[in-house]
Every structure is written in structure tokens, then in C-alpha cells.
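*Asks:* Quick one: this structure, given as C-alpha cells, is what I'll be asking you about.
The values are calculated or read from the model by the stated rules, or taken from the named source; none is laboratory data. None of these values were measured; they are calculated from a predicted model. Reconstructed Cβ throughout: ideal geometry from the backbone, glycine too, with neighbour counts over all protein chains shown.
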Ligand SMILES: [Zn+2]
């Protein structure tokens, strides 16, 4: 059996980390990283082969993902789910409230080190301006860092679920012309709010950012409708 991920992990010196990941986590990460996109088929034997695990844990992981609506049946096969218009709106509603709470808590609890990391993430975004995929990854890391800075583990868990579902959107709003530059300014406004310890300002900046991202996505979807 091929073990490409495992071999790569050994080469990178991260074998222990990967070896401990279960099939479920590996599949979720592969969806999150765009290796499997919404609508793509998920074949048990291929997944087992790719991740170097046996088929039983893969089957169990797929069943779990199906109950979480991350994958769905299409005839006899399983495919990565796509969000419809209503699901998109529902997800953004929950995301807005949870991210706003994270910003408010982070303004109070973030350490100086965490604030410096957030600022450096905004600065580094400038290096990715022409690369939508890199920007989308950097964006996920930025938001995750704010979640962690809230220092509330239950909130972090809930936001992880929301962001896992965000991976079911076919395309990042950061792929839209002109959006990266504006989003970068919005990220800076959030960090400014956090640095000043002003929970209301950080929350308002975050709400404005998510609202703009949602609006961008809706406009893009409307433009692409036949
Ligand atoms: Zn963002």
C-alpha cells in the first residue's frame, strides 16, 4: 500500500503529528485545503490509499461526515457537499455572531505576543496579494488566531465547526477582483481594535469585514447565475 502522506511527513520531520491524525481529520483537512472540492467524489479505497490508512476508519469517517452534512450521497457515490443559497446565509449568520464574540473577548484577553502575531499576519498578507489560494489560507489562519486569542475553548470549538463548513463554498471571496486589498484594510482595522483593547471597536470592525465578505460572495454568485 502506498503511503504518500506518511512518507512526506517523515521527510518533513512531522511523522508523529500525522501518525496521530485519524482518517476523519485527514479527510476534513483535505477538503479544507481544496484537495477535494465541493462536488468531488470521495472514494473509500482512494482515500485509504492516499492517507495510508485501512478502509474501515475511512468508511467510519465518511459516515460521520455524512451525518454532519459535509458529504452527501449522489447515487451510489459520496461527494463533497455544496452549500445552497439558504445554507450560505445561515452559516454567515452564525459566523458573524461567533466571530464578533471572539473579537470582543480577544480585545480583553489577547496577550501582547498574540497581538504581535496578528499584526505580522496582516503585514505578511501583502506578500500574497496575487495568489487567491495563499490569501484564503492566510485568511483562515488569521481568523483562527483571533479565535484562539479569545481564550475561550468552547467558542474555538464552535468556530472550528463553522470554518469547516466554510470549506464547502466553492470559491473564496478573496478570489474576487479587488477584494484582497479591501479585506487587508479590514483585517488591519480589526487588529487596531484589538490592540487598543476596545472590544466594541474590534467587534464592529469584524462584523463589517464578515458582512463585506458575504456581500462579495452574493454578488459573485448572482453574476455567475445562468
Ligand atoms: Zn478575513
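*Asks:* Kindly provide the set of residues from segment 162-177 that are within 13 Å of the ligand (Cβ to nearest atom), part of a helix (DSSP H, G or I) and over 24 Å from residue 108 (Cβ atoms), ordered by number.
*Replies:* Once the filter is applied, which keeps residues that are within 13 Å of the ligand (Cβ to nearest atom), part of a helix (DSSP H, G or I) and over 24 Å from residue 108 (Cβ atoms), segment 162-177 yields 166, 173, 174.
*Asks:* Let me ask something else. Confirm whether residue 122 is assigned to a helix (DSSP H, G or I) and at pLDDT 95 or above.
*Replies:* Yes: the conditions hold for residue 122.
*Asks:* Could you check segment 1-111 for helices (runs of 4 or more DSSP H) lying wholly inside it with 1 or more residues that are at pLDDT 90 or above and touching a helix residue (DSSP H, G or I) at 6+ places or on another chain (Cβ under 6 Å)?
*Replies:* Because the criterion is at least 1 residues that are at pLDDT 90 or above and touching a helix residue (DSSP H, G or I) at 6+ places or on another chain (Cβ under 6 Å), the helices (runs of 4 or more DSSP H) in segment 1-111 that meet it are 23-32, 44-51, 55-67, 85-109.
*Asks:* Go through segment 181-206 and give me each residue that's within 12 Å of the ligand (Cβ to nearest atom) and touching a residue at least 60 places away in the same chain (Cβ under 8 Å).
*Replies:* The answer is 184, 187, 188, 190, 191, 205, 206.
*Asks:* OK, next. In segment 143-161, is there at least one residue being within 10 Å of the ligand (Cβ to nearest atom), over 23 Å from residue 90 (Cα atoms) and part of a helix (DSSP H, G or I)?
*Replies:* No, every residue in segment 143-161 fails to be within 10 Å of the ligand (Cβ to nearest atom), over 23 Å from residue 90 (Cα atoms) and part of a helix (DSSP H, G or I).
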